[in-house]
Amino acid sequence: MLFVNYRDVGPGGSSLRVRAKDMTDASVPAAGPIAAVLADVDGTLVNKAKVVTPRAIEAIERLHELGVLFAITSGRPPRGMRMLVHPLEMRGPMAAFNGGIIVMPDMTVVDERTIPADVAPTVIDEIRAHGLYPWIYSGAEWYVTDPLAPHAARESSTVQFQPTVVSSYDDLLGRVVKIVGVSDDHGLVAQCETALQQQFGGHASAARSQPYYLDVTHPTANKGVVVERMSEFYQIPLGQIATLGDQLNDVLMFQRSGVSIAMGNANTEVQRAATYVTASNADEGFAKAIEEFILPRAVAAPVIPSVVERLAAATRPPGTDET
């Protein structure tokens with residue numbers, strides 16, 4: 001698909017932009033209905049103060065009223081998404097750790113995908129070899145080996161709980177859901193991302209969730225897979241799912257959804273991967289995107305009352321009966 005340039009869309013010189021595409025490109029889809037919205041959290045749904053604005057809440061309320069499925073996915077742990085449940089009236093599964101754990105609004109876990117136990121130690125070694133500091137998430141817990149670990153204070157404020165300090169990760173690597181490499185040297189983070197992708201291939205997924213965070217998860221725990229599972233379990237065609245994000249790990253979900261919207265605060269690479277570009281998260285970009293690009297095309301999603309049961313069945317080991 002050839003992206004040529006931007007043009008303004010929306011009334012009154014709106015800051016929302018749509019990419020002008022080569023109209024001879026048959027891969028460019030015609031505008032169609034949208035039955036589901038999947039949004040990233042940090043840098044997208046929340047503003048710089050990590051708050052969902054009243055306008056964003058109102059936009060989500062309109063989606064609920066129209067029967068559009070609204071879901072969130074994030075590199076955050078489940079506990080770091082809990083504060084969003086009430087204000088957003090979350091009604092279905094939420095994908096934490098980029099899809100490594102899927103929980104219901106009451107924090108019941110319906111799926112967990114851990115990094116292979118023989119891969120986790122090597123990932124940590126590689127992160128350290130690149131000069132990054134590693135921390136890990138096992139289940140709902142966050143572990144660091146240094147109470148003053150880089151960005152730990154920022155992360156604690158974001159997810160609203162403190163990490164557990166341990167002397168070593170050695171006894172925790174059998175059930176790791178996410179490993180994070182942290183550094184303020186963004187070039188090193190990018191180099192480590194490339195190295196891990198090349199070294200581990202189908203054994204782990206590695207993508208930057210922030211310029212200073214490299215997230216490593218199970219190979220099927222990424223936001224692109226979250227879109228596919230959302231489509232499968234809610235019986236919504238991929239073409240009727242819209243995604244919103246701001247970081248490189250959001251590009252995977254852009255590639256699998258019918259409509260993708262990059263935030264104005266996203267870098268050029270992320271913006272070029274999206275169908276549309278909205279304003280920044282400091283300028284109501286999420287709400288503006290819903291209002292301009294989603295609501296005019298909104299249709300009700302199918303009513304699937306047994307999604308939790310189907311999720312559980314899909315992740316149950318073969319030959320295991322339901323109890």
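The values are calculated or read from the model by the stated rules, or taken from the named source; none is laboratory data. The shown structure was predicted, so the numbers you read here are calculated from the model rather than taken from an experiment. A quick note on method: Cβ atoms are made from the backbone with ideal geometry, for glycine too, and the neighbour counts reach across all protein chains shown. When the accessible area is computed, the model is the full protein with side chains, heavy atoms only, and any ligands, DNA or RNA have been set aside. Shrake-Rupley method; radii C 1.70, N 1.55, O 1.52, S 1.80 Å.
Extension gain, ALA195 to GLU141: 0.36 nm times the residue separation minus the Cα-Cα distance gives 16.8 nm.
Shape verdict for the range 105-193, please, from the Cα gyration tensor: rounded (a/c under 1.5), prolate (a/b greater than b/c) or oblate. Note, shape of the range 105-193 comes out oblate. Of all aspartates and glutamates in the structure, those lying under 16 Å Cα to Cα from LYS178, and not within fewer than 8 positions of it along the same chain, are ASP111, GLU112, ASP118, ASP125, GLU126, GLU141, GLU155, ASP170, GLU193, ASP215.
Summarising the label geometry, the points placed 7 Å from Cα in the beta-carbon direction at GLU61 and ALA49 lie 1.9 nm from one another. Electrostatic bookkeeping for VAL251 treats Lys and Arg as +1 and Asp and Glu as -1; over the other residues with beta carbon under 14 Å from its beta carbon, the sum is -2.
Taken about its Cα centre, the range 75-171 carries a charge dipole of roughly 420 debye when the Cβ of each Lys and Arg holds +1 and the Cβ of each Asp and Glu holds -1. Note that the range 132-186 presents 45 Å² accessible area per residue, ligands and nucleic acids not counted, probe 1.4 Å. Taken over the range 157-212, the percentage of Cα pairs per 5 Å bin, counting from 0 up to the bin with the maximum distance, is 4, 15, 19, 22, 22, 15, 3. Using the Cα gyration tensor of the range 23-164, with a ≥ b ≥ c the square roots of its eigenvalues, what is the shape: rounded (a/c below 1.5), prolate (a/b larger than b/c) or oblate (neither)? Here the range 23-164 falls in the prolate category.
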